[in-house]
1. Over segment 1-140, what is the percentage of antiparallel beta bridges among all DSSP beta bridges, to the nearest 5?
2. Leaving out ligands, DNA and RNA, and with a 1.4 Å probe, what % of the accessible surface on segment 1-72 is carbon or sulfur?
3. Quick one: accessible area per residue over the chain, 1.4 Å probe, rounded to a whole number of Å²?
4. Report the extension gain between LYS216 and ALA133 in nm, rounded to one decimal, defined as 0.36 nm multiplied by the number of residues separating them, less their alpha carbon distance.
5. Straight-line reach only, C-alpha to C-alpha below 22 angstrom: list the lysines that LYS93 could link to, leaving out same-chain residues fewer than 8 apart.
6. FRET efficiency for PHE154 and TRP125, Cβ-Cβ distance as r, R0 = 22 Å, nearest 0.05?
7. In nm, give the distance between the simple-model label positions of LYS96 and ARG252, each being 7 Å from the Cα along the Cα-to-Cβ direction.
8. Which order do MET233, MET225 take by accessible area at a 1.4 Å probe, largest first?
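The values are calculated or read from the model by the stated rules, or taken from the named source; none is laboratory data. Predicted model, so just to flag it, every value in this text is computed and none were measured. All Cβ positions, even for glycine, are placed from backbone atoms using ideal geometry, and neighbour counts span all protein chains on display. Just so you know, the surface numbers come from the protein's heavy atoms only, side chains and all, with ligands and any DNA or RNA stripped out. Shrake-Rupley method; radii C 1.70, N 1.55, O 1.52, S 1.80 Å.
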Amino acid sequence: MTDITLYGYVTSPYVRKVSAYLYYKDLDFKFVHVSPVEPYKTIGFTEGTQVPVLKVGSEWRTDSSKLGIWLEELFPEKSLLGANATERETILKIDKWASEQFIPGMVFRSAVEGKVTEAFNKRAWRLAEIVSAGASLPEEIQKAWPQLLRQAPFIKALVAHLDGDEPLEAMQMRIFGELVNHLGEGPFLGELDQPSLADFAVYPQMAFMYQAGIVKDLPPLMHPMVGPWLKRMAKLLPENPWCVDEKFLVNRMPA
């Protein structure tokens, strides 16, 4: 069996995507925690700071969506790209939407533009604690995490591609509506019969935030289409597919 190593910090949406790919394909892998403060200590061999980094044998690559395609080439069992060219086109289109709209709009924009409240700070400190459990962040960095999230250049760059004139709440409602449309009659995104790269781009972001207690509730579970999809996705992965310490998972996804 080829050695597979995934490098990243566990709060990255893009790292979660890749860990979900690996677990779905039943591939054994090693996870190496990367410090967002000193990434060069673990991924210096890439001469960059981008995560996730996936190493298969002696070869490594970056970019979560491209990593899914690479894994498909290496390990085609349990396909992430559908059964034919038409399905592949649909999957890649929805995955692109997830990268350009869902993740920046639903995950990152609130970090940059949301009100700095006690609840905001608690969520940020919780994320810092989760990161530090694997990467040992200095205490002063953990305390400053709410401010660091709002100032992080890579987060600002992602959010900059969104329509800044669209109010945050309106944007999130629109994006959720687009998710419902992409799901259609299901059972998976694109109205496909099997899960794909697209499903594993979106599901981890919703599930992790709930499982790790970053959000107290997961209202989409009550939605007549999205709720059953979330439950179907949960059955495809282990209870903890996020490479975090078990102690941080306070909620379980319903089966």
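1. Numbers: 8 of 12 bridges.
In segment 1-140, DSSP labels about 65 percent of beta bridges as antiparallel.
2. Values: 1350 of 3100 Å².
Of all accessible area on segment 1-72, carbon and sulfur atoms account for 44 percent.
3. Values: 12550 Å² over 255 residues.
For the chain, the per-residue accessible area is 49 Å².
4. Details: separation 83, 0.36 × 83 = 29.88 nm, distance 2.12 nm.
Contour length minus the Cα-Cα distance gives 27.8 nm.
5. Partners within reach: LYS17, LYS25, LYS66, LYS78.
6. Working: r = 20 Å, r/R0 = 0.92.
That pair, PHE154 with TRP125, gives E of 0.65.
7. Label at LYS96, label at ARG252, 4.0 nm between them.
8. Numbers: MET233 0, MET225 55 Å².
From most exposed to least exposed: MET225, MET233.
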